[in-house]
1. Mind checking whether some residue in segment 67-84 is touching a strand residue (DSSP E or B) at 6+ places or on another chain (Cβ under 8 Å), within 16 Å of Ser118 (Cα to Cα) and touching a residue at least 40 places away in the same chain (Cβ under 8 Å)?
2. Restricting to segment 35-44, name every residue that is loosely packed, with under 13 Cβ neighbours inside 10 Å and not in a loop (DSSP other than H, G, I, E, B).
3. Please specify each residue of segment 45-68 satisfying the condition of being exposed (fewer than 13 other Cβ atoms within 10 Å of the Cβ) and closer than 13 Å to Ser96 by Cβ.
4. Filter segment 99-117 for residues that are assigned to a strand (DSSP E or B) and open to solvent by less than 30 Å² (accessible area, probe 1.4 Å); which is farthest from Gly50 (Cα to Cα)?
5. As an exercise: evaluate Arg93 against (1) modelled with pLDDT of 90 or more; (2) exposed (fewer than 14 other Cβ atoms within 10 Å of the Cβ); (3) out of contact with any Gly (no Cβ under 8 Å at 6 or more places or on another chain) and give the number of the one condition it does not meet.
6. Residues in segment 118-145 that are among the hydrophobic types (A, V, I, L, M, F, W, C), at pLDDT below 75 and either on the phi > 0 side of the Ramachandran plot or loosely packed, with under 10 Cβ neighbours inside 10 Å (or both): how many?
7. Which is out of contact with any Pro (no Cβ under 7 Å at 6 or more places or on another chain) and modelled with pLDDT under 65, of Pro28, Pro32, Pro49?
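The values are calculated or read from the model by the stated rules, or taken from the named source; none is laboratory data. Everything quoted here is computed from the prediction, not taken from an experiment. Using ideal geometry, Cβ is built from the backbone for each residue, glycine included, and neighbour counts are taken over all protein chains shown. With ligands, DNA and RNA removed, areas are computed over all heavy atoms of the protein, side chains included. Shrake-Rupley method; radii C 1.70, N 1.55, O 1.52, S 1.80 Å.
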Amino acid sequence: MLRFDPFTDIDAITKSLLATGTGSNRSPRFMPMDLYKVDDHYVLHADLPGVDPGSVDVQVDGSTLTLTAHRSALSEEGVTWLAGERFTGTYRRQLSISEDIDSERIVASYDNGVLTVSLPIAEKAKPRRIEISSATPVRSAHSETEAQGQIEA
């Protein structure tokens, strides 16, 4: 199960909105993603169009999953910009994951601008059925006393 920390995202949004004059005004603002559960794993899709596949990095450190990617800017030499809406720079997103995720088996792929991360649920966290065995009924001391009282009467 993934845990969502709203304060991480709120802090990042606030910093990006209140940033003053440092760096590019076209720096990445967000990394849109979808997250869902299928059978025994979670699937995360993050949109990273135009990102160099070699710059995409997925790391797990304890209970934190970090997604990082970089989109390079076009050469500014001889360019007269008419519109510049595509973000350049480093994208980064962190998510808290629970101990129910098997971090040793996380896999990721990047295809057509979409990063896909599969987060398998650990065996110990999966629901399981408990077998009920049939055993000889156990007699309690109370039931033996009642039986002896019925015999004597």
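1. Yes, because at least one residue in segment 67-84 is touching a strand residue (DSSP E or B) at 6+ places or on another chain (Cβ under 8 Å), within 16 Å of Ser118 (Cα to Cα) and touching a residue at least 40 places away in the same chain (Cβ under 8 Å).
2. The answer is Tyr36, Lys37, Val38.
3. Result: Asp61, Gly62.
4. Taking segment 99-117 first, the residues assigned to a strand (DSSP E or B) are 101, 107-111, 114-117.
If we keep only those that are open to solvent by less than 30 Å² (accessible area, probe 1.4 Å) as well, we get 101, 115, 117.
Details: Ile101: 30, Leu115: 12, Val117: 18 Å.
That would be Ile101.
5. The number of the failed condition is (2).
6. 2
7. Details: Pro32 fails: modelled with pLDDT under 65; Pro49 fails: modelled with pLDDT under 65.
Answer to the check: Pro28.
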